[in-house]
Amino acid sequence: MRHESFDQFLRGKGVPSENIPAFRRVVAWQLSEAMITAGINDHELARRVRTRPDLIGPFLGSPETAPLLITTLREAFAAVGRPVMTFLDTVQ
């Protein structure tokens with residue numbers, strides 16, 4: 001299985017490098033909002049995704065620079081009961 005970072009995924013969709021930080025901020029905000037709605041914190045999200053909280057927290061706190069795999073992001077959204085970010089399917 002290939003481990004693609006979120007940035008690699010976005011570049012593969014043709015997103016210019018200078019726009020990637022904005023995408024990361026929006027996705028972190030969406031995930032934070034979904035967590036609030038679901039009533040869970042980063043520790044519970046990490047448990048649901050089967051990862052460590054120190055891999056989730058940095059993305060939520062500093063989305064522009066924190067490392068993140070696209071698979072982890074998809075699992076995180078599934079864990080809070082949200083569809084995989086549909087806007088990513090429209091990125092060209």
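Worth a mention:
- Qualifying residue in segment 62-69 (condition: assigned to a helix (DSSP H, G or I) and more than 15 Å from Gly81 (Cα to Cα)): no
- Selection of segment 40-54 for residues being out of contact with any helix residue (DSSP H, G or I) (no Cβ under 7 Å at 6 or more places or on another chain) and within 29 Å of Glu18 (Cα to Cα) yields only Asp54.
- Taking the numbered list (1) assigned to a helix (DSSP H, G or I); (2) in contact (Cβ under 8 Å) with a residue 12 or more places away in the chain in turn, Asn19 passes all entries but (2).
- Scanning segment 27-60 for residues being loosely packed, with under 13 Cβ neighbours inside 10 Å and touching a residue at least 40 places away in the same chain (Cβ under 8 Å) gives a total of 1.
- One residue stands out among those in segment 37-58 that are hydrophobic (A, V, I, L, M, F, W, C) and at pLDDT below 90: the one that is nearest to Ala76 (Cα to Cα), which is Ile56.
The values are calculated or read from the model by the stated rules, or taken from the named source; none is laboratory data. In this text, all values refer to a predicted model and were calculated from it rather than measured experimentally. Here the Cβ is made from the backbone with ideal geometry for all residues, glycine too, and neighbour counts use every protein chain on show.
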